[in-house]
Structures are given as C-alpha cells and as structure tokens.
Amino acid sequence: MGDSSLQGDCAYNLLEGSVIGVVTMDTEHFTHVRRMRDSRFPHEIASILPGEYFVSREPMVVYTVLGSCISACVRDPVAGVGGMNHFMLPAPTDHRSGDAWGGESTRYGSYAMEQLINGIVKRGGQKSRLEVKLFGAGKIYDGNIDIGALNAAWVLSYLKTEGLSVAGRDLGDVYPRKVYYFTDSGRVLMKRIERIKNQTIYERENDYQNRLRQEQAEQSDDVTLF
C-alpha cells in the first residue's frame, strides 16, 4: 500500500550520493547511533540497526535496511518531533507453551514501540497527534514460517489496540528495503533491494534473532519456581 509521501526508486536514485563525512556530535541518549552527512540530503542522517531506535526534535533523516524486521516511522507533525525504530519478534520455541507468536515474544515488539512513542512524547509530542508509517516484513527466509508476515500482523494489531492509525505502509513481499525517513515532514524514500543482494541483511537479522533467543533463555534461567 502506498501514499503520496512514499517515493519510488526514481526519487531514491536522485538522492543517492557519497557520504562526505561522519558527524561526531550526538543527540541526547543516542550516542551509540552512527550519524553522518551526505551531500544529497538536506539534514544529518542517523543510521539505525536491528534493535535500535532514534528520536529527534531537530530535522533529521533516519535510515535503516529492513528484511523481515519492521520499522515504524512516527512523528508529531505539530511538535515537529519524529523518529524510527527497527525491531522483530523473536521466533517462539515449540516447547514453550503459550508463546505461539504471542505472550512473552510480543514484549519485544511492545518495548520497541513504547521506546519510540515515549521518546517522542518526552520531547514534546502528543500521542493523539502521532502519524505512523510502517515498512519491512519481507519474506527473506526460506521455510514454512513467514516471519515478516507475523511481525506485520503483530504491529498492526498493536497500533489498533493503542488507537493509532496507519498513515502509510509498505509491508510484505519478498524484498528487503532501504528506508530513509525525514522526521520533520514525514517524507519517506524507500527502495526495494534485489534478493540476490540480501545476504548481509539476512546475516544481520539472524544475529539479531540469536540475541533475542539468548535474552529469552537468560530470563528463563532467572525464574525460580516455588
């Protein structure tokens, strides 16, 4: 599904350019996020990885590459505060009852969304004014389980429960995506990536999935039954 603020490959190609320098100045609480300048973009670029998010009061471009993961691009158009996250739900293990892409797994998605929304509200935004756009959820893994589709279904359900509508989305299909989000205007530049080029994306998301599984196992070890 598209909207007038989503630009296709042609618009993206016009903005492709070489990075001319990495910016050392950091936004509060986001010192771990790589920031840079590109001569083709009017604002500083923040590049986020799986499990990260970024929010800014100042006009910024937030960039990420998505496979089966989801990015929510959220802003308050009145306050001029916006940001993006990058997350996925950890695949449940079959022997854990009550966690068939629900229960404990969903807390990772809830946490990612709450981080982003709370970061915007903390900087002057209001939840009732939030504009939300969603990207990602590509089926880049072979197998019977479509992780991207399950991630998409979860985030759509979450937003409905929270009373937030979706202003634009590009979800599903078999392609990874590059996404550039302009926090001040809500404009999005998106490019679908050929599957033949997505091995790096696959490996990055697989590492992220392994970290989530490890966190789940460690948390399980902390539980004492009595």
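The values are calculated or read from the model by the stated rules, or taken from the named source; none is laboratory data. Every value quoted in this text rests on a predicted model; they were computed, and no experiment measured them. Here Cβ is always computed from backbone atoms with ideal geometry, including for glycine, and neighbour counts include all displayed protein chains.
Going by the structure shown, is residue 135 surrounded by 19 or more Cβ atoms within 10 Å (Cβ to Cβ), touching a Pro at 6+ places or on another chain (Cβ under 8 Å) and within 23 Å of residue 114 (Cα to Cα)?
On the way: surrounded by 19 or more Cβ atoms within 10 Å (Cβ to Cβ): yes; touching a Pro at 6+ places or on another chain (Cβ under 8 Å): no; within 23 Å of residue 114 (Cα to Cα): yes.
For residue 135, the condition - surrounded by 19 or more Cβ atoms within 10 Å (Cβ to Cβ), touching a Pro at 6+ places or on another chain (Cβ under 8 Å) and within 23 Å of residue 114 (Cα to Cα) - is not met.
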**Complete:** Restricted to segment 145-158 and to residues being out of contact with any helix residue (DSSP H, G or I) (no Cβ under 8 Å at 6 or more places or on another chain) and assigned to a helix (DSSP H, G or I), the residue modelled with the lowest pLDDT is 147
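Of the residues 96, 37, which single one is of a type in the set (Lys, Arg), more than 12 Å from the chain's Cα centre (by Cα), at pLDDT below 90 and surrounded by 13 or more Cβ atoms within 10 Å (Cβ to Cβ)?
On the way: 37 fails: at pLDDT below 90.
Answer to the selection: 96.
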**Message:** Consider segment 174-194. How many of its residues are surrounded by fewer than 17 Cβ atoms within 10 Å (Cβ to Cβ), at pLDDT below 95 and assigned to a loop (DSSP other than H, G, I, E, B)?
**Reply:** 2
**Fill in**
Of the listed residues (32, 43), the one being in a loop (DSSP other than H, G, I, E, B) and at pLDDT 95 or above is 43
**Message:** Being touching a helix residue (DSSP H, G or I) at 6+ places or on another chain (Cβ under 8 Å) and either surrounded by 15 or more Cβ atoms within 10 Å (Cβ to Cβ) or modelled with pLDDT under 50 (or both) is the requirement here; does residue 65 meet it?
**Reply:** yes
**Asked** Residue check, residue 116 against (1) modelled with pLDDT under 95; (2) hydrophobic (A, V, I, L, M, F, W, C); (3) under 22 Å from residue 135 (Cα atoms), all met but one. Which one?
**Response** (1)
**Residues located in segment 118-132, provided they are crowded, with 23+ Cβ neighbours inside 10 Å and either free of Cβ contacts under 8 Å to residues at least 24 places away in the same chain or in contact with a Leu (Cβ under 8 Å, 6 or more places away or on another chain) (or both)** = 120, 130
**Residue within segment 166-173 that is of a type in the set (Lys, Arg), farther than 16 Å from residue 113 by Cβ, modelled with pLDDT of 85 or more and crowded, with 18+ Cβ neighbours inside 10 Å present** = no
**Message:** With the requirement that a residue be under 17 Å from the mean Cα position of the chain (by Cα) and of a type in the set (S, T, N, Q), what does segment 138-164 give you?
**Reply:** 151, 157
